[in-house]
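Q: Mind looking over this structure? Questions follow.
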Amino acid sequence: MQKILKLIAGVGFVLLAVLLPVETLKSASPIPDGAETGIALLQFCLAVNGLFLLAWAFAPSSWFQTAGLPMQATGLNIGPEGWAKDFPPISWRSLGLLTAVAAVLRFIGANRDLWLDEIATTVNYLRRPVLENFFVYGSANQHLLYSVFGSATISILGETEVTTRLPAILFGIGSIVGLYLLARLITTEQQALLVSAFMTLSYHHVWFSQNARGYSGMIFAVVWGTYFFAYGLARNRTGAWIGYIITTTVGILFLLNTAFVWIAQGLVYLLILPRWHAWRTQHWPLTRRVTLVMALVALLVAEGYSLALPQLVEWYTQVDRTGLGWDNILEFVPVVLQGLRSGFGGLPPAMLIVGMGAAVTILGAGWLSFWRQSPFIAGLLAFPVIFNFVILMVFQIGAYPRSFLYVLPLALILVVRGGIVLGDLIARHVVPAGRFRPPAQQYLGTAFVVIMIAASAVSVGYNYLYPKQNFTGALAYVDANKRPDDVVSAVGLAGSSYREYYGPSLQFPDDVQELTNLESTGQDVWVLYTLTRDMRLRFSDLFDYIQENYELVAVFPGTLGDGAIYVNRRKSQTTQNQLETASAQS
């Protein structure tokens, strides 16, 4: 049956390559004169994919038939029936409750202001027809598959803050289920539920599940893909490998960073193989299958990006990357710390440093525990982020902390295991012997993790204090306090966000000269800006002029780091004279 399905799929891909409606695709492209290269690449990839599947179908079945890796090599919790061991029915009810809580938390506040990257995504991609999104790659805001899902969503439901974020919300909810299954595969039932509860109540996961971009989709793909990869190696089931191909392909189409996880998983498999002679005799069939699965992921990803590949290559080779992330570790680490501080309700720096030391200790204890259980599991949890970080540093590619967001569910697994290990260690060696010691040994580790989850739950409330960026609040303040003839302007990235979404009627000076021209009208001038780091990097003259000549009258905070909206005003000479006259008369 599998052979027949591969033959049908292979023939289908070849026929699709030959019969592809080229003229229809050209008419759907926003750049019809430049679409030929992308369409030719798509035809080539489809043909290669078809031939690949046909070759796989005619390959001897003995090439791939094997029972998978032995349990002692993987350390996974898989019983004879194929499911995780001791999977009680109550777990489904607990997981259902966590999923419902996750849904509520991710829908609350989803109707508040979009932040500037969400605005850019909505304006440049989500408003396009669905098919057109496959042809364009004009910025790093193009998270391809999110653009496709988001475009379909707002075309059906209309454009609001909620509908632009709806795919992110749904994938965020779905990742809770995937994380439970993954954790249950490598650890105990109790720890799996604690891990799922942790991410359900995670400030950062809630924040990015309400972010109209591909990050929650990436997390969804990583947890499900890692689950299918581990299960596939242990059981070598066709269904598991199909699940891995789909989820990993989807993840890379959501965000290219997922490719680091995909590559790292292949490397982890190579590292845990037995000695050469045992590999050739025992695991060569499985290695063939893993290689073919990895190749099929590459082919499908190539097809997904093929139409936009010319623009993608051009953007990454020619774009001015000033301000697009940090390529210096000394600058990168403080930004990570600031993001973590936001996630815990703005802890004082000293407490944050102490907390980070404790977190590193807990993570290390969890990883060492998994290493003793199985180097394979320890590698799956740690190698993707190590590989990603090394590549970024070696090639000096600027990155934001959110580039590593896929590590969140993997880190939570380590934190829960580490917290329980350390708690048990304290119970054995610190709690005095006596009548209370056995319960302490049994529950102290779990209590320690529950306290961490409770702290995370408290931090979730910070997500609802402010919008990600309060564009409408700042503009409403100006409207309430300005005179009818005052000039209202926005500069830098705030300017692009107001121009495209929240305030197209404002003025948008690009430099000092244009701003002074507005001042020459004789009216009071208001200036709104955000992201002071970007202002200093790309609009330094304009930023310095505002700091020297304008009064900061209001600040509207947001949950985005450095995302506050600053409202500044410069009184005209006429206004100043009137104020001086009124002051003298009084």
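Laboratory data are not the source of any read-out in this text; all were calculated from the coordinates shown. Note that the structure is predicted; figures quoted are calculated from it, not measured. Glycine gets a Cβ as well: all are built from the backbone with ideal geometry, and neighbour counts include every protein chain shown.
Q: Suppose each label sits 7 Å from its Cα in the direction of the beta carbon; what would the ASP541-LEU97 distance come out to in nanometres?
A: 6.3 nm
Q: Please find the FRET efficiency linking SER155 to ASN111, where r is the Cβ-Cβ separation and R0 is fixed at 30 Å, and quote it to the nearest 0.05.
A: After rounding, the FRET efficiency stands at 0.95.
Q: Right, here's the next one. Roughly what would the spin-label model give for GLU548 and THR317, points 7 Å off Cα along C-beta, in nm?
A: About 4.2 nm separates the two model spin labels.
Q: Arrange the peptides 540-552, 188-200, 453-465 so that the one whose residues have, on average, the most other Cβ atoms within 10 Å appears first.
A: For the peptides 540-552, 188-200, 453-465, the packing ranking is 188-200, 453-465, 540-552.
Q: Follow-up question, since we're still on this one. Around LYS482, under 10 Å between beta carbons, what's the net of Lys plus Arg minus Asp minus Glu among the other residues?
A: Details: positive: ARG483, ARG569; negative: ASP479, ASP485, ASP486, ASP524.
Once positives and negatives cancel, what remains is -2.
Q: Work through the residues other than TYR545 whose Cβ is under 15 Å from its Cβ and net out their charges, Lys, Arg +1 and Asp, Glu -1.
A: -4
Q: Shifting gears a bit: Relative contact order for segment 2-63 using alpha-carbon pairs under 8 Å, separation at least 6, rounded to a whole percent?
A: Averaging sequence separation for qualifying contacts and normalising by length gives 56 percent for segment 2-63.
Q: Something else now. Find how much the distance from LYS3 to ALA259 grows on full extension, using 0.36 nm per residue of separation minus their present alpha carbon separation; answer in nm with one decimal.
A: Extra length from LYS3 to ALA259 when fully extended: 89.3 nm.
Q: Along the Cα-to-Cβ line of THR516, 7 Å from the Cα, sits a label point; which residues in segment 480-500 have backbone N less than 20 Å from it?
A: 487-492
Q: So, counting K/R as plus one and D/E as minus one, what does the shell of residues with Cβ under 13 Å around TYR146 add up to?
A: It works out to a net charge of +1.
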